[in-house]
């Protein structure tokens with residue numbers, strides 16, 4: 001990692017750790033994961049229950065709005081593109097931060113070809129899988145959101 005990359009990471013991680021800075025101030029991975037799942041589950045339920053008005057444009061703006069709502073209680077940068085390259089241990093690296101918009105635009109084009117309101121549940125599932133298959137887990141910052149949304 002070069003010096004400029006290291007400086008970029010400093011804004012994301014607690015010093016001397018690989019733990020993302022978070023609104024809870026937690027520096028233990030298991031505690032953070034538990035707290036994140038607890039509060040994001042509530043935010044996801046709000047979306048599923050129609051309690052939040054997020055226009056369903058099926059583009060990068062839509063995805064960022066979903067991410068912002070779901071993770072707003074956890075991370076200051078919720079809903080923003082990441083500025084560093086990353087990946088999860090034991091898996092392939094996510095897409096380079098400079099390519100996120102490209103991947104999301106490809107997904108948006110794929111999504112725009114669907115007649116979502118008129119698809120049955122099974123057809124919608126297949127259509128969503130087609131959209132997501134092109135980018136998950138490449139985008140990374142939003143990959144967890146995709147996995148959760150596909151439940």
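A short reminder: the numbers here are calculations on the coordinates, not readings from a lab. As the structure is a prediction and not an experimental result, all values here were calculated from the model. Glycine also receives a Cβ, built like all others from the backbone with ideal geometry; neighbour counts cover every protein chain displayed.
If a/c stays under 1.5 just call it rounded; otherwise compare a/b with b/c (prolate if a/b is bigger, oblate if not). Do that for the range 1-70, with a ≥ b ≥ c from the square roots of the Cα gyration tensor eigenvalues. Judged from the Cα gyration tensor, the range 1-70 comes out oblate (a/c at least 1.5, b/c at or above a/b). On the beta carbon distance between residue 102 and residue 12, with R0 = 25 Å, the FRET formula returns roughly 0.70. With a simple spin-label model that places each label point 7 Å from the Cα along the Cα-to-Cβ direction, the separation between residue 38 and residue 119 comes to 3.5 nm.
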